[in-house]
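**Student:** Below you will find the structure I want to go over with you.
The values are calculated or read from the model by the stated rules, or taken from the named source; none is laboratory data. Here the structure is a predicted model, which is why all the values come from computation and not from measurement. Cβ coordinates were reconstructed from backbone atoms using ideal geometry, including for glycine residues, and neighbour counts include every protein chain displayed.
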Amino acid sequence: MTADQLIARDVAPPNRPATEAERTVELIRASFAAVEPQADELGKHFYSTLFTRAPETRDLFPVNMEVQRSRLLRALVHVVQMVDQPDDLVPFLQQLGRDHRKFGVLSQHYDAVGEALLSAIATYAGDAWTPEIEKAWVGAYGTVANAMQQAAAAERGPASWMGRVVDHRRIGWDLAVVTIATSEPVPYQAGQYVSVETPHRPRLWRYLSPANAPRRDGTIEFHVRAVENGWVSRAVVAHTQVGETWRIGPPMGRMAVPDNADRELLMIAGGTGVAPMKALLDEVRRRPNPPRTQVFVGGRTWEDLYDFTALRKLSYSEPWLDVIPVVETEEEASGAETGTLADVVTRYGAWADHDVLVCGSPSMIRSTVSRMLVAGTPLDRITYDPFTMD
Ligand SMILES: Cc1cc2nc3c(=O)[nH]c(=O)nc-3n(C[C@H](O)[C@H](O)[C@H](O)COP(=O)(O)OP(=O)(O)OC[C@H]3O[C@@H](n4cnc5c(N)ncnc54)[C@H](O)[C@@H]3O)c2cc1C
Ligand code: HEM
């Protein structure tokens, strides 16, 4: 379920008959829930059908499929369940379709993936697989695949960009700031994210958020936190070498500072969500009249606020900017507010007259946005990337 769906469920249970798209999504969700306990077998069936049907697709995936056997499958099911939100979903799918060019995905592969998906779910659903359920899956997958294929076919820019590591700075044991110089500028906007592939983990692409607005010299800074048992993040933090080459996918996401920023801004960042916030601040700073901006930056403990000093320094030199640190556990004399970001931000009120940008893990986004809606912040003033997965 997406942050959007969870937020909608938390805040306002629908009090009207379900639309056609909502019924489709209900059928898809219920039929997938019934086969989910067999996700491992289903994943194996999916990939073996795909690789039999279109053997050339095997080379697009990591050599060791055990590492992430169900990644594409998980993503597919996640996305297909969101066809009841076309306004948000279609722009996301267009970006995803353009992004898939970097894997070498061709138009004909979409049929093969669709057949493998349906065959796997039908097989494990057994007698519960009805014509009505099949119709729901075929329709939803078709909608998703079409949007991705059309956007990929229309794109004329590069499928990916090469970048050289020019700096790798460790900040504590689990975090590194990596600076990449790309051969051609990557056309991202401050606040967006890109996927990257490193030489340490070929074909394991991961999303990272640039921590600076685009620069003339084409350098991009990434903040990478090593997660427990993480294949890519641990290798990046521990083993990145200056001079190595990374591949970078096209920009994705909808985080941006509104052009007509006549309202004040509120930015809420958790964990490495501070990276896109820094990029956004970098952008705001270049404007002739930066709007007043309040930033809340949060973590579980003071150590998690790894970049707070830089943000505070920026706030001393920029009169339009104010930064408040937030930690979940009480720490004496840290000067931080205590609580989750959702607790602390809503303690200040509804922020109804601000444009609000929220960035962090899906669970942090979900709790912060839903609490703000309850506190009275209008939904259309809040921007976050709703389709990211844990
Ligand atoms: C839109 C977006 C932007 C992102 N931006 C950044 C960024 O700027 N910097 C950054 O460091 N990361 C960022 N991430 C997370 C990043 O893409 C990877 O998911 C993360 O680095 C883990 O990859 P891995 O290969 O090391 O872990 P995997 O091998 O994929 O997973 C290993 C284990 O860690 C768990 N796990 C996966 N991701 C996380 C996570 N984020 N936190 C805690 N546990 C996790 C998995 O459930 C699994 O159990 C972003 C993710 C998204 C969706
Ligand atoms: C039509 C619907 C499709 C959707 C919604 C979709 C979605 C996604 C998403 C969101 C990811 C990233 C997962 C993550 O990193 O967390 C992904 C990865 C990937 N997709 Fe797709 N995809 C689709 C079709 C295809 C097709 C047709 C191919 C071609 C074979 C393909 C090949 C891949 C590969 C190779 C990866 C990376 C490998 C992996 O992480 O397992 N996808 N897909």
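**Student:** Give me the pairs, please: first residue somewhere in the range 161-185 and on the phi > 0 side of the Ramachandran plot, second residue anywhere and in a loop (DSSP other than H, G, I, E, B), beta-carbon distance under 8 Å, and either six or more positions apart or on two chains.
**Tutor:** Pairs that qualify, where the first residue is on the phi > 0 side of the Ramachandran plot and the partner is in a loop (DSSP other than H, G, I, E, B), are Gly172/Tyr306.
**Student:** If you scan the range 345-390, which residues turn out to be within 16 Å of ligand 1 (Cβ to nearest atom), part of a helix (DSSP H, G or I) and of a type in the set (Ser, Thr, Tyr)?
**Tutor:** The answer is Ser363, Ser367, Thr368.
**Student:** Can you confirm whether the range 163-181 contains a residue that is aromatic (Phe, Trp, Tyr) and at pLDDT 95 or above?
**Tutor:** no
To keep it simple, each residue is scored yes or no on (1) within 14 Å of ligand 1 (Cβ to nearest atom); (2) under 20 Å from Asp353 (Cβ atoms); (3) among the aliphatic types (A, V, I, L, M); (4) surrounded by 21 or more Cβ atoms within 10 Å (Cβ to Cβ).
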| position | (1), (2), (3), (4) |
| --- | --- |
| Pro288 | no, no, no, no |
| Arg292 | no, yes, no, no |
| Val295 | no, yes, yes, yes |
| Gly298 | no, no, no, yes |
| Tyr306 | yes, no, no, no |
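**Student:** While we're on this one: For the range 325-346, check the following and say yes or no: at least one residue is touching a strand residue (DSSP E or B) at 6+ places or on another chain (Cβ under 6 Å), acidic (Asp, Glu) and more than 30 Å from Arg74 (Cα to Cα).
**Tutor:** Taking every residue of the range 325-346 in turn, at least one turns out to be touching a strand residue (DSSP E or B) at 6+ places or on another chain (Cβ under 6 Å), acidic (Asp, Glu) and more than 30 Å from Arg74 (Cα to Cα).
**Student:** Another one. Run down Pro62, Pro37, Pro55 and say which single residue is outside the structural domain of Gly230 (by TED's automatic domain parsing), at negative phi and surrounded by 15 or more Cβ atoms within 10 Å (Cβ to Cβ).
**Tutor:** On inspection, the qualifying residue turns out to be Pro62.
**Student:** A further question on this structure: Among the residues of the range 45-76, write down those that are more than 24 Å from the chain's Cα centre (by Cα), closer than 15 Å to Leu118 by Cα and touching a residue at least 60 places away in the same chain (Cβ under 8 Å).
**Tutor:** Listed by number, the residues that qualify are His45, Phe46, Tyr47, Thr49, Leu50, Arg53.
**Student:** Looking at Val79, Val105, Val90, Val138 in this structure, which one is β-branched (Val, Ile, Thr) and free of Cβ contacts under 8 Å to residues at least 40 places away in the same chain?
**Tutor:** Val138
**Student:** Among the residues of the range 154-206, write down those that are within 15 Å of ligand 1 (Cβ to nearest atom) and out of contact with any strand residue (DSSP E or B) (no Cβ under 8 Å at 6 or more places or on another chain).
**Tutor:** Once the filter is applied, which keeps residues that are within 15 Å of ligand 1 (Cβ to nearest atom) and out of contact with any strand residue (DSSP E or B) (no Cβ under 8 Å at 6 or more places or on another chain), the range 154-206 yields Gly172, Trp173, Gln189, His200, Arg201, Pro202.
**Student:** Give Gly253, Gly218 a once-over and let me know the one that is on the phi > 0 side of the Ramachandran plot and more than 12 Å from ligand 1 (Cβ to nearest atom). Give the derivation first.
**Tutor:** Details: Gly253 fails: more than 12 Å from ligand 1 (Cβ to nearest atom).
Unique residue meeting the criteria: Gly218.
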